[in-house]
Each structure stands twice: as C-alpha cells, then as structure tokens.
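For reference, the structure is listed below as structure tokens.
The values are calculated or read from the model by the stated rules, or taken from the named source; none is laboratory data. Quantities reported herein were computed from a predicted structural model and do not represent experimental measurements. FYI the Cβ positions are ideal-geometry reconstructions off the backbone, even for glycines, and counts take in every protein chain you see.
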C-alpha cells in the first residue's frame with residue numbers, strides 16, 4: 001500500500017491523484033477495525049498485534065479500541081460536551097473560558113473576539129489554530145481549513161471509537177499564553193500513576209515523565225527529555241486528585257491540565273494516547289510492558 005501511494009504521488013497528475021486518493025480512502029474506511037489496527041500497529045510499532053492476550057500498554061489500548069464501548073467516553077472525548085462533565089464532577093473554575101461555539105466556521109465573529117485566542121474542533125486531535133494576533137491572520141484560509149476539518153470523521157484515522165459519533169463543532173477559547181506547560185496524568189483503573197509534561201510544543205518539543213512525588217522517570221515517549229529540570233506545578237496534588245475523579249469511570253484515561261500563574265485549567269481527556277502507537281525511545285519493550293501491567297482490561301462490551 002505504501003509503495004503504491006509513493007508511486008501515485010510521484011508520477012500521476014494532481015487531478016488523477018486526488019480521485020485515486022479518495023478511492024483508496026474509501027477502501028481503507030471499509031477495512032474492519034481489527035484488520036486495520038493490526039496493519040497500523042505493525043507499521044507504527046513494528047510488532048505483531050496480539051488482541052487475544054494483550055500484555056503491553058500499546059496492545060491493550062488497541063484492545064480497548066476494538067472491544068470496549070462506554071458512551072460516557074464519547075461525551076468526554078467531545079471537547080465541547082466534556083466541559084459540562086468537568087463542571088459537574090469538579091467545578092467551573094478550571095474550565096478554559098469559551099468565547100464562541102457553532103458548526104459554521106463562516107460565522108466566527110472575528111471582530112468581536114480578543115486579539116488572541118485558540119480555535120479548535122471538538123471531534124478529534126491536532127485540529128487547533130493558535131491565533132496570536134487576529135489582525136495578522138487570513139480569515140478566509142482559516143475558514144477553509146475549519147470546513148475541511150469538519151468533514152473528517154476522526155474515528156477513521158486510527159479507529160478511536162470515542163470520536164465516531166461526535167456531533168462536530170468549532171470552539172473558540174481563551175488563549176492561556178505562549179508555551180504553556182501541558183501536564184498529562186495517566187490514570188489506570190482509577191489510580192493516577194504517572195505525569196507526562198510537554199514543554200515548548202511549538203518550538204522544540206520536549207517531554208518528561210514524573211512519578212506522583214515529582215521524581216523524574218527514565219522514560220522517553222516519542223520525544224527527548226528536557227536538558228534542564230522542571231519544577232513541580234503549584235497544583236500538583238489537586239491535579240492528581242482531579243484526574244482520578246474525572247477518570248474513575250474508565251479502565252484507562254489520560255487527563256490533561258494547564259497551569260498558568262498558579263491557576264489550574266482542565267485541558268482534555270484522552271483514552272488512546274498517541275493512538276496507542278507511541279514508541280518509547282529507550283527500553284521500549286520493558287516500559288511498554290510496565291505500563292501494560294498497570295492496566296486491568298475490562299470485559300468485552
């Protein structure tokens with residue numbers, strides 16, 4: 001398949017490439033989840049996927065994709081509806097202020113928005129636009145991009161079931177600032193175990209892992225560690241407690257937070273980090289199994 005795609009990109013005219021690409025996308029969508037995930041797991045992780053007796057963390061995430069169905073997961077994966085879930089479970093205070101929401105990108109009231117803000121979709125990952133100065137943006141390009149994103153069912157990308165039935169929306173939120181640290185709490189069967197921190201995501205992405213006492217762990221997931229130590233967030237204990245409250249209903253969840261000027265903000269809840277295809281840069285087999293041992297799989301639903 002990859003050889004065919006490379007051939008198409010190199011030799012065929014653009015209109016023909018587009019038609020064939022659309023046909024291939026349609027075929028891929030029709031591939032059953034288990035077959036598709038075995039193919040993608042081998043491609044990304046470099047190993048054969050074992051769904052009958054999964055042991056590694058990456059394998060167990062694929063198992064959850066295929067077999068576990070909990071409608072609350074869909075609500076929590078929805079970046080709009082999860083706000084109400086957080087409000088009920090914890091409080092309003094940790095929710096990033098919402099400036100606008102609708103499903104029509106052309107209706108975004110740019111003139112009424114502050115100079116800086118964040119635009120995102122509610123139904124997938126990586127579909128975000130950071131606007132630092134609205135006077136310097138191309139509004140039409142942004143609207144075209146958003147319309148394109150709204151056509152995507154992100155479930156087809158990596159068979160992450162929680163995204164499959166989300167009603168697609170555009171959100172405009174307050175910009176919390178440049179290069180804000182992103183704290184991600186890994187919660188296994190209701191118990192927080194690790195904290196991943198991503199820094200300089202838009203410049204030179206670095207990623208560290210810490211235990212709950214903020215001792216750095218020798219773990220590298222997709223990105224290198226920082227060369228300098230990172231001080232613990234002011235709200236570390238509160239962050240861990242909130243993560244466990246929000247993730248208590250699920251076999252596994254990663255709950256993300258931001259901290260700005262010692263104030264804690266909720267980010268999102270993710271059930272399949274890195275789509276379950278993330279490679280640990282050192283001691284991959286050992287760490288993948290260590291994470292996997294912490295995750296007690298639910299019965300099939």
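Would you be able to tell me the number of residues in the stretch 228-258 that are assigned to a strand (DSSP E or B) and either at pLDDT below 95 or on the phi > 0 side of the Ramachandran plot (or both)?
Residues flagged as assigned to a strand (DSSP E or B) and either at pLDDT below 95 or on the phi > 0 side of the Ramachandran plot (or both) within the stretch 228-258 amount to 0.
Conditions tested, residue by residue: (1) in contact with a helix residue (DSSP H, G or I) (Cβ under 9 Å, 6 or more places away or on another chain); (2) under 27 Å from residue 239 (Cβ atoms); (3) surrounded by 19 or more Cβ atoms within 10 Å (Cβ to Cβ); (4) without any contact (Cβ under 8 Å) to a residue 12 or more places away in the chain.
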residue: 78; (1), (2), (3), (4): yes, yes, yes, no
residue: 86; (1), (2), (3), (4): yes, yes, yes, no
residue: 89; (1), (2), (3), (4): yes, yes, no, no
residue: 92; (1), (2), (3), (4): yes, yes, no, yes
residue: 121; (1), (2), (3), (4): yes, yes, yes, no
residue: 128; (1), (2), (3), (4): no, yes, no, yes
message: residue 254 - would you say it is closer than 23 Å to residue 282 by Cα and in contact with a helix residue (DSSP H, G or I) (Cβ under 7 Å, 6 or more places away or on another chain)?
response: yes
task: Output yes when any residue across the stretch 259-266 is part of a loop (DSSP other than H, G, I, E, B) and either closer than 19 Å to residue 57 by Cα or not assigned by TED's automatic domain parsing to the domain that holds residue 124 (or both), and no when none is.
output: yes
- request: Check off (1) crowded, with 19+ Cβ neighbours inside 10 Å; (2) more than 22 Å from residue 126 (Cα to Cα); (3) touching a helix residue (DSSP H, G or I) at 6+ places or on another chain (Cβ under 7 Å) for residue 63 and give me the number that stays unchecked.
  value: (3)
Hits in the stretch 44-62 (condition: under 22 Å from the mean Cα position of the chain (by Cα) and within 12 Å of residue 34 (Cβ to Cβ)): 49, 62
- line: Selection from the stretch 177-204 of residues in a loop (DSSP other than H, G, I, E, B), more than 19 Å from residue 287 (Cβ to Cβ) and out of contact with any helix residue (DSSP H, G or I) (no Cβ under 7 Å at 6 or more places or on another chain) yields 177, 178, 179, 180, 181, 200, 201, 202, 203, 204
statement: From the option list 113, 146, 98, 171, single residue qualifying as surrounded by 17 or more Cβ atoms within 10 Å (Cβ to Cβ) and in contact with a helix residue (DSSP H, G or I) (Cβ under 8 Å, 6 or more places away or on another chain) is 146
task: Check residue 296 against each of (1) surrounded by 12 or more Cβ atoms within 10 Å (Cβ to Cβ); (2) within 29 Å of residue 161 (Cβ to Cβ); (3) modelled with pLDDT of 95 or more and name the one condition it does not meet.
output: (1)
query: Which of (1) modelled with pLDDT under 95; (2) in the same structural domain as residue 130 (by TED's automatic domain parsing); (3) buried (at least 18 other Cβ atoms within 10 Å of the Cβ) is the odd one out, the single condition residue 206 does not satisfy?
result: (2)
